[in-house]
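Okay, structure first, notes after.
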Amino acid sequence: MARRMKLDLSIILEKTTELVDENGVDKLSLGSLAEKLGVRPPSLYNHFEGLNGLKQKLAIHGVEKLHEYMLQAAVGKAGDDAVRAVSEAYIQFVRTHPGLYDASNRFADTNDIELQRAQESVVKLVVQVLQAYNLNDEMAIHMVRGLRSILHGFTSIEHMGGFGMPLDIDESFLILINTFIEGIHSIISKG
């Protein structure tokens, strides 16, 4: 007789991430997850409330993973190098976990305190990276919003296959981030 896997939320989220990265978040079902885990669907209800509850936990997990990628990239770097590093980590996260990233943005209940904390940790990290430029608090938030827009927009277009021209996508990305950094330096010099 096969031994059953002891389920906990971290194992469930790991397997759910595999499913959504392989098949897309729209194809996620409790039945497919239960099959991947080798359990019956009712067993999953001990860990979250239905499919929507799973998607909420997955959104939180995705934001936390994104933070981990960006934090690891930022360690030991400052200024322009840190901006490039966290930006490249963001892109790498989305390329590695497209379904998880999608789930983090589409299905989240933004009133969830746990999700808000995870999102705030990403914002705080980027604000810390931007501290090297001595921006005032308001300008730092504008720059965080700008960088997020660049990163989300770029990854969304890439994921949809929107960069069809025969040019190196990574080079386009580097030019885009360097232009953003030059914009920060321009703001500082006008300061």
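The values are calculated or read from the model by the stated rules, or taken from the named source; none is laboratory data. What you see is a predicted model; the values in this text were computed from it and never measured. When we count neighbours, we look across all protein chains shown, and the Cβ atoms used for this are built from the backbone with ideal geometry, even at glycine.
Just a few scattered comments:
- Of all residues in the stretch 130-169, those satisfying the criterion of being more than 14 Å from HIS185 (Cα to Cα) and of a type in the set (A, V, I, L, M) are ILE141, VAL144, LEU147, ILE150, LEU151, ILE157, MET160, MET165, LEU167, ILE169.
- For the stretch 91-110, a tally of residues being among the β-branched types (Val, Ile, Thr), under 18 Å from LEU19 (Cβ atoms) and surrounded by fewer than 21 Cβ atoms within 10 Å (Cβ to Cβ) returns 1.
- Count - residues of the stretch 70-90 that are of a type in the set (A, V, I, L, M), in a helix (DSSP H, G or I) and surrounded by fewer than 19 Cβ atoms within 10 Å (Cβ to Cβ): 1
- If the condition is being within 24 Å of LEU30 (Cα to Cα) and among the charged types (D, E, K, R), then the stretch 54-92 contributes LYS55, LYS57, GLU64, LYS65.
- In the stretch 168-184, the residues that are at negative phi form Cβ pairs under 8 Å with partners that are of a type in the set (A, V, I, L, M) and not in a helix (DSSP H, G or I), at six or more places apart or across chains, as follows: ILE184/LEU135.
- Highlighted here are the helices (runs of 4 or more DSSP H) found entirely within the stretch 95-191 that include at least 2 residues which are modelled with pLDDT of 95 or more and more than 14 Å from the chain's Cα centre (by Cα): 113-130, 137-159, 169-190.
- Of the listed requirements (1) crowded, with 19+ Cβ neighbours inside 10 Å; (2) closer than 22 Å to ILE177 by Cβ, ASN134 misses just one: (1).
- Index of the failed condition, HIS67 passing every other in (1) in contact (Cβ under 8 Å) with a residue 40 or more places away in the chain; (2) under 17 Å from the mean Cα position of the chain (by Cα); (3) within 30 Å of ALA132 (Cβ to Cβ); (4) surrounded by fewer than 18 Cβ atoms within 10 Å (Cβ to Cβ): (4)
- Test result for SER172, in contact with a helix residue (DSSP H, G or I) (Cβ under 7 Å, 6 or more places away or on another chain), closer than 30 Å to GLY24 by Cβ and among the polar types (S, T, N, Q): no
- Test result for VAL39, in a helix (DSSP H, G or I) and either aliphatic (A, V, I, L, M) or touching a residue at least 24 places away in the same chain (Cβ under 8 Å) (or both): no
- Among residues of the stretch 109-128 that are closer than 12 Å to ALA74 by Cβ, those with a Cβ under 8 angstrom from a residue that is loosely packed, with under 15 Cβ neighbours inside 10 Å and of a type in the set (Lys, Arg), sequence gap 6+ or separate chain, pair up as VAL126/ARG148.
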